[in-house]
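Trainee: Starting off with a structure, shown below.
The numbers here are math on the coordinates, done by the rules we state, and not lab data. Treat the numbers as computed from the prediction; the structure is a model and nothing was measured. No Cβ is skipped: glycine too gets one built from the backbone with ideal geometry, and neighbour counts run over all protein chains shown.
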Amino acid sequence: EAGVTQFPSHSVIEKGQTVTLRCDPISGHDNLYWYRRVMGKEIKFLLHFVKESKQDESGMPNNRFLAERTGGTYSTLKVQPAELEDSGVYFCASSHLTEQYFGPGTRLTVT
Amino acid sequence: LAKTTQPISMDSYEGQEVNITCSHNNIATNDYITWYQQFPSQGPRFIIQGYKTKVTNEVASLFIPADRKSSTLSLPRVSLSDTAVYYCLVASGFQKLVFGTGTRLLVSP
């Protein structure tokens, strides 16, 4: 069974540019989560989808971040415009029951 | 969400059994206890999950006392490749996971 995949693995962009991260969950998992770890900090929750609906977006830092999950399959997380403090590793996780399975992450560097 | 407390770091040697204890005094009735392992530059990897008593899988065992205010992850006969950060998390249902700093385990030859 394929695990959670994320694309790209690395992204380097300049401040003010736009970046879109993609997450493909494990097939059949209705729950999809986004987390991130910024430099030196702990992994923090961003939001939770159930199918295509946002169940909890309490962790989204501001309106420069937009997450979508059209059709309830893969999800995208867009950062527009990117700021220096957005640099970090963005993880996606999916679950069918209570165990969340994480992807390898996307390392975002904003210069 | 229940807060968890675990040691910042632990050291062990190859072939030894490692037990990492996590405290979660405010665990709620519906909460499960889940442990993850994370290597540098990788996402957290699910190890084991339990609600009460003992759970065992091919990788580890999880011991949960009756009051559920703590739990112990047991790794039998560790190897160098078990060097990683281990996170103890408590959540119910499909709640978000709240990560702490975890326990950094170093296994030496």
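Trainee: Using Cβ contacts closer than 10 Å as the measure, can you line up B:Tyr86, A:Tyr101 from fewest to most? List each step's numbers first, then the result.
Mentor: Numbers: B:Tyr86 24, A:Tyr101 20.
So the residues, fewest neighbours to most, are A:Tyr101, B:Tyr86.
Trainee: Ok, one more. With the crude spin-label approximation of a point 7 Å out along Cα→Cβ, what separation in nm comes out for B:Asn30 versus B:Tyr13?
Mentor: 4.8 nm
Trainee: Can you tell me the dipole magnitude for the protein assembly as shown around its Cα centre, using point charges on the Cβ only (Lys, Arg +1; Asp, Glu -1), in Debye to the nearest 20? Present the calculation step by step, with values, prior to reporting the outcome.
Mentor: Working: 21 positive and 20 negative charges, 65 e Å.
Rounded to the nearest 20 debye, it is 320 debye.
Trainee: Give me the Kirkwood hydrodynamic radius of the protein assembly as shown in Å, from all C-alpha pairs, to one decimal place? Walk me through the numbers before you get to the answer.
Mentor: Details: mean 1/r = 0.0554 Å⁻¹.
When all Cα pairs of the protein assembly as shown are included, the Kirkwood radius is 18.1 Å.
Trainee: May I ask you to sort B:Val107, B:Val98, A:Val50 by Cβ crowding, counting other Cβ atoms within 10 Å and putting the fewest first?
Mentor: In increasing order of surrounding Cβ atoms, one gets A:Val50, B:Val98, B:Val107.
Trainee: OK, next. Which one of A:Gly28, B:Ser92, B:Thr103 has its Cα pushed farthest toward the positive end of the charge dipole of the protein assembly as shown, where Lys and Arg give +1 and Asp and Glu give -1 at the Cβ?
Mentor: B:Ser92
Trainee: For a paramagnetic label modelled at 7 Å from the Cα of B:Lys54 toward its Cβ, which residues of segment B:1-32 fall within the zone defined by backbone nitrogen distances under 13 Å?
Mentor: none
Trainee: Once you've got the GNM for chain A with C-alpha springs shorter than 10 Å, pick whichever of A:His96, A:His48, A:His29 has the biggest mean-square fluctuation.
Mentor: A:His96
Trainee: What's the exposure ranking of B:Ser23, B:Ser79, going from fewest to most Cβ atoms within 10 Å?
Mentor: B:Ser79, B:Ser23
Trainee: What number, in percent, do you get for the relative contact order of chain A if the mean sequence gap of Cα pairs under 8 Å and at least 6 apart is divided by its residue count?
Mentor: That works out to 37 percent.
Trainee: Then there's this: Pick from A:Asp24, A:Asp86, A:Asp56 the residue whose mean-square fluctuation is largest in a GNM of chain A, springs joining Cα atoms under 10 Å.
Mentor: Comparing A:Asp24, A:Asp86, A:Asp56 in the GNM, the peak value goes to A:Asp56.
Trainee: How many angstrom separate the Cα center of segment B:26-75 from the Cα center of segment A:33-111?
Mentor: 24 Å
Trainee: Hey, another quick one. What are the aspartates and glutamates whose alpha-carbon lies under 13 Å from the alpha-carbon of A:Lys41, with same-chain residues fewer than 8 places away excluded?
Mentor: Partners within reach: A:Glu85, A:Asp86.
Trainee: If the elastic network links every pair of Cα atoms under 10 Å, which of A:Gly40, A:Gly72, A:Gly59 fluctuates the most in the Gaussian network model of chain A?
Mentor: Judging by the Gaussian network model, the answer is A:Gly40.
Trainee: Give the aspartates and glutamates reachable from A:Lys54 as a straight Cα distance under 12 Å; neighbours fewer than 8 places away on the same chain don't count.
Mentor: Leaving aside aspartates and glutamates fewer than 8 places away in the same chain, those within reach of A:Lys54 are A:Asp30, A:Glu68.
Trainee: Continuing with the same structure: Pop a pseudo-label 7 angstrom from the Cα along the beta-carbon direction at both A:Leu84 and A:Gln17 and give the gap in nm to one decimal.
Mentor: Each label point is offset 7 Å from its Cα along the Cβ direction, giving 1.7 nm.
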